[in-house]
Amino acid sequence: MGLFDHFRKKKSGRAEEAAQEQDLTEQKESQEAGAKAAADAKTGAQASSAASDAGTAEPEASAPKEAPESSKPEENAVKESSEPAGEHAEAEAEPEGPAEQAAEDAAAAEAGEADTGAAKSGDKSEEQAAQAGPDSAVDGTNEAKAQEPESKSNPGAARQKTQRLGVTAIFKVDTAFAMDHDGTPATLVSGFLEMGTISVGDSLVLTDANNGVRATFPVSGLERLGRDPLPKITFEEGGANQNAYAIYVNNTPPETFHQGDKCYRIEQNRGRNNPDRVSEQRAAQLAGILKAGILNESTLGKLSIQELCFMIRMIRQIHEQNEVNDFENKESALEKELCRKMNEADELFIMMDRTTNMPFLDQGAVDIYSKESFARDAMDFYRRQFRQLAILRYEKKASPFPDKMSLYRYLYYTGVNLVTVDNGQFKVTLDRDEIEKDPGLNELNRLPFKVTNPALRFALNSLLSEARWPVKYAQHEQNVKLREVRMLDQLDKAILLLPVRAEGHRLSGLVTYRSLPHNAKIQIPHITDKKQQHFLPFFTDPFEFQRVYSTKEWAALPCDIKHALMMDPRIGLIINPVAENFVLTVDGKKALITAFAQREKQLRAEEEKEKKTDVETKPDIGPGPGDAG
C-alpha cells in the first residue's frame, strides 16, 4: 500500500445519485458562507494558547480556531476510507480565487449554459485516449462521472439526466470469458444494452457497482449472442431480451468484468465544426505567407494566436521533410510573436484540476487556450477519462489569482515551467519564462514573507492529481509511487509557514522561536473538521497564507516538515487548505515520520556503499622478484 492511498478518491459514496447531483452545485452554495467566513479569518481567530517553552510553541487542542468556511475541512469532511487507520485522510477545501471561478464554469457547463464540444487532442488518437496512461492529454471532467443509469421509480428522468452528463449508451455486464475473435485472443462480454447506441470502435468506460472506474477500452466487435456480427447495437424500448448482446474487447482480461458492472459510452467529437478552428481556406493563405517568407512584425502582428501556432507547426513539419532556408530565424520570429500575444492577451482560458484546485498538468505542462470554444472542445474530449476539470477564464485586467498576480507569475509560484497553447488544435508548447520573465530579487523582496516553494507545489499537484484520478491502468501504481518519491524529496527540502501571534504584542513578517515574546501567550490557529479533528495549518508561500490569514494580524513562523510533524502529536496538519489541501491526520503524521526515517536510512546506506567503493586498496600481485620463495 502506498503512503498516499487515501488520496485516490475525492469523495466517498461516488455512486450515490444525490452526491452526484450535489457535486457541482455544493461549491456555489458555499460561496456566500465562504466569503463571509474568509473575512472572519482575516479579523481574528479563536486561537489556542501555548507557552514558548524550550524553543517550541505547542498549541492546546482544547481551544481550536475555527477555519473559514471556504478553507476548513468541515465543508466536506475528512474523507472516509475503507483502508486501515494510520495513513492519510483528506479534508476537502472549497476553492477560492481561481478554482472558484473554474468551478462556476463547470457548473455552467453542467447546466447546459456553456457550449461544450470535443477535440482531437493534438497528436493523440481516440484509441490512445481510451487507454490513456498518466498525464494524458485526454481526461474527463466532473460532468462525466459515471451515473446510475436509471431509477426504478423514474427511469425516464434518470436517463435524461445521464444523457445531459454526456453518457450516450449504457451496457450492463452479465458474464465475461476469453475466446478468439477473428483469429485474435479477446474477451467476450455478454450483457444487456440499457440505453443508446454502441458501435464497433467506440471507447467505453467500465465502472464497478460503486461507480469506481475500473478500465477504459475500445469495442472490437458486436453481435447478438451466437449470431452474425453487427456494426452497431441500439437499445429498443420494451425490447427485453432483444437488448441482450455480446461485446468483444481486446487487451482487457475477463476477470476485469464482474456481473452488474456498467460500461458507459460518453459523447465525444462534437467540436469538429468549431468555427474558431483554422479552416482549410485560411490554412492555405497562411501557407502562402510562410512560403513567401514574409515574417515581419507587420505581417505576424495581424495573425491570431491559433494562426501563429499553425504556422509554427507547419514550418517545423516542412523542415523535417525538406530543410527550410533560415529555419531557426523564421521559427524564432514566429515563437517570439506568439509569446508576445500570449503575454498581452486580454483574455485566456486555463484548464484547472478540481481535485487539487490547481492548474491541470498534462505531461508537466499546463493547457492555456486562446478561445473559450477550444477549451470547451478539449473539456469534452478530456472527460472520457474521468478527470474532474473546470475552465478558468483569465482576464488580464481582473486577475483571479492570489494578490491579483498575472497568469505567468502564478504559474511561476506553483512551479509550472511549460505551457501548451491550444491543446487539441494546432498546439505549441512554450517555456513559461519565454512569455514572461521570472520575478527578480526586487519583487521577491517585496513579499511579506520571503518564502516560496514552487518545486514542492508542482510535486504536490502532480502527485495528488494522479492519486485522486479514479482510473486504473497498468502503470498507475508505479506512477503514483514515482510522484510520491519526488514529492517527499521536495517536502524534505521545503520551508513551511505556520501562522502565529502573541497576546498583547504585535508581530509581523517572519519570526523565529527566539524572537517570540518570552512571557506572552503564543496563539497558533487550528482548522477543525466535522469529526472535530484538529489540524495545524501550514502554507508554502505568502499568497496561500493570505488567502486564509491576514498578514497584518498574523506573523509567520518558518519551519521544515520534520519540525512540523513533531508539533503537538495530538492533532494533524494541513498544507495549503484552500488549494492543494494536503492533509495528514495524526496517524498520517506517524506514517510520514516513518517514511522519512526509512529514506534517511536508505540514503546513509547508499553513502556508505559509495565510500567503500571509493577506498583504494592495494592489489595483491604476489611475491616480487627479490622475495624469498
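The values are calculated or read from the model by the stated rules, or taken from the named source; none is laboratory data. Owing to the predicted nature of the structure, the values given are computational and were not obtained by experimental measurement. Neighbour counts run over all protein chains shown; Cβ positions are idealised from the backbone, glycine included. Heavy atoms of the whole protein, side chains included, go into the accessibility calculation; ligands, DNA and RNA do not. Shrake-Rupley method; radii C 1.70, N 1.55, O 1.52, S 1.80 Å.
Of the residues Asp492, Asp541, Asp433, Asp529, the single one that is of a type in the set (Asp, Glu), more than 21 Å from the chain's Cα centre (by Cα) and within 15 Å of Gly415 (Cβ to Cβ) is Asp433.
Of all the listed residues (Lys531, Lys450, Lys472), the sole one being in contact with a Leu (Cβ under 8 Å, 6 or more places away or on another chain), surrounded by fewer than 19 Cβ atoms within 10 Å (Cβ to Cβ) and assigned to a loop (DSSP other than H, G, I, E, B) is Lys450. Only residues that are touching a helix residue (DSSP H, G or I) at 6+ places or on another chain (Cβ under 7 Å), in a loop (DSSP other than H, G, I, E, B) and either at pLDDT 95 or above or among the polar types (S, T, N, Q) (or both) were counted in segment 402-425, giving 7. One residue stands out in segment 475-502 among those that are open to solvent by 20 Å² or more (accessible area, probe 1.4 Å) and without any contact (Cβ under 8 Å) to a residue 40 or more places away in the chain: the one that is farthest from Met567 (Cα to Cα), namely Gln478. When Ser136 is tested against the conditions (1) touching a helix residue (DSSP H, G or I) at 6+ places or on another chain (Cβ under 8 Å); (2) at pLDDT 50 or above; (3) closer than 20 Å to Leu389 by Cβ, the lone failure is (2). Against the test of being among the charged types (D, E, K, R), at pLDDT 90 or above and either buried (at least 16 other Cβ atoms within 10 Å of the Cβ) or not in a helix (DSSP H, G or I) (or both), the options Arg277, Arg270, Arg282 yield a single qualifying residue, Arg277. Among the residues of this structure, Ala246 counts as one that is modelled with pLDDT of 90 or more, outside any loop (DSSP other than H, G, I, E, B) and surrounded by 12 or more Cβ atoms within 10 Å (Cβ to Cβ). Filter segment 315-343 for residues that are hydrophobic (A, V, I, L, M, F, W, C), part of a helix (DSSP H, G or I) and within 15 Å of Ile294 (Cα to Cα) and give the result. Hits for segment 315-343 are Ile315, Phe327, Ala333, Leu334.
Scanning segment 363-374 for residues that are open to solvent by less than 10 Å² (accessible area, probe 1.4 Å), of a type outside the set (Val, Ile, Thr) and touching a Ser or Thr at 6+ places or on another chain (Cβ under 9 Å) turns up Ala365, Asp367.
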